[in-house]
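In what follows, a structure is listed as structure tokens, so that the remarks can point back to it.
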Amino acid sequence: MEILKKRILEDGTCYEGGILKVDSFINHQMDPMLMKLIAEEFARRFANDRINKILTIEASGIAPAIMTGYTMQLPVVFAKKKEPKTMRHALSTIVHSFTKDREYPVSISAEYLKPGDRILCIDDFLAYGNAAFGLIDLIRQSGATLAGMGFIIEKTFQHGGDQLREMGIHVESLARIKSLENCQIIIE
């Protein structure tokens, strides 16, 4: 995904504390042509994993998940940060947000994740893996099977991907950031 790496270097902004801001093309203002290419790449990388459903967490994971679902012709489910009063049979877990430095509950209706489902999780970032571990917990609660996890950007220096791979999870990251030290973006 050379085009993605180029956009990160050209349009990404680094902030102290290991924060990479890509909101001009990924998670605030979105580039739909880039998102289409991202979805096609995820579809290619997970083509042999017998996936039947895509899962993400609101809000920044929704766009790449929807595009991937469209490309793979699969339904997309997203975990909500607030449990609606109308949600029946809620599965819930707690996730710590690295960017916002707070914990919040996420919920999903058990109607949409079932035993027998093979789930692909899609999200914008992988840092420490907190959101990923929350999604894994929801999948475990539902009795579904995690088939793989795809991330647009992985910050390898924060080691969430290492933990997921050590668990035997098929993880694909389209751009891997080696360092943001001194606010310089270094891509692997």
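Each reported figure results from applying straightforward, stated rules to the coordinates on display, with no laboratory input. Here the structure is a predicted model, which means the values were calculated and not measured. All Cβ positions, even for glycine, are placed from backbone atoms using ideal geometry, and neighbour counts span all protein chains on display.
Using a ≥ b ≥ c from the Cα gyration tensor of region 1-122 (square roots of the eigenvalues), is it rounded, prolate or oblate, where a/c under 1.5 gives rounded and otherwise the larger of a/b and b/c decides, a/b for prolate?
Oblate, because a/c is 1.5 or more while a/b does not exceed b/c.
What distance in nm separates the simple spin-label points at Tyr104 and Ile169, each placed 7 Å from Cα in the Cβ direction?
1.9 nm
Could you tell me the center-to-center distance, by alpha carbons, between region 152-188 and region 36-65 in angstrom?
Cα centres, region 152-188 to region 36-65: 18 Å.
Determine the dipole magnitude for the chain: charges of +1 sit on the beta-carbon of Lys and Arg, -1 on that of Asp and Glu, nothing else is charged, the reference point is the Cα centre, and the result goes in debye to the nearest 20.
In debye, rounded to 20, the chain gives about 540.
Out of all DSSP beta bridges in the chain, what portion is antiparallel? Express it as a percent rounded to 5.
In the chain, DSSP labels about 40 percent of beta bridges as antiparallel.
How large is the helix-only mean residue ellipticity at 222 nm for the chain, computed as the sum of -39500 (n - 2.57) over DSSP H runs with n ≥ 4, divided by its residue count, in deg cm²/dmol to the nearest 500?
Roughly -9000 deg cm²/dmol at 222 nm, from the helical runs in the chain.
Looking at Leu180, Met1, Val76, which one has the Cα that reaches farthest to the positive end of the dipole of the chain (charges on Cβ: Lys, Arg +1; Asp, Glu -1)?
Val76
Using a Gaussian network for the chain with springs between C-alpha atoms less than 10 Å apart, which of these wobbles most: Phe25, Phe125, Phe42?
Phe25
Sorted by average packing, counted as other Cβ atoms within 10 angstrom per residue and highest first, what order do 72-80, 180-188, 49-57 take?
49-57, 72-80, 180-188
Pairs of alpha-carbon atoms within less than 8 angstrom and 6+ residues apart define the contacts here; what relative contact order does the chain have, in percent?
Relative contact order comes out at 20 percent.
Among Val22, Ala39, Tyr112, whose Cα lies farthest out toward the positive end of the dipole of region 10-137, if unit charges sit on the beta carbon of Lys, Arg (+1) and Asp, Glu (-1)?
Tyr112
Taking H as built 1.01 Å from N, whose amide H comes closer than 5 Å to the amide H of Ala90, not counting residues under 5 places away?
Here Ala110 satisfy the definition.
How much FRET efficiency would the formula 1/(1 + (r/R0)^6) give for Glu2 and Lys81, where r is the Cβ-Cβ distance and R0 is 25 Å, rounded to 0.05?
0.15
For each cysteine in the chain, check whether another cysteine's C-beta sits under 4.7 Å from its C-beta; list those where none does.
Isolated Cys, the chain: Cys121.
Please report, for the Cα atoms of region 75-188, the Rg to one decimal and the Dmax as a whole number; what are they, in angstrom?
14.9, 47
Extending each Cα 7 Å along its Cβ direction at Arg88 and Ala59, get the distance between those two points in nm, one decimal.
Distance between the two pseudo-spin positions: 2.9 nm.
Based on Cβ point charges of +1 for Lys and Arg and -1 for Asp and Glu, what charge dipole magnitude is obtained for region 102-188 about its Cα centre, in debye rounded to the nearest 20?
The calculation lands at about 80 debye.
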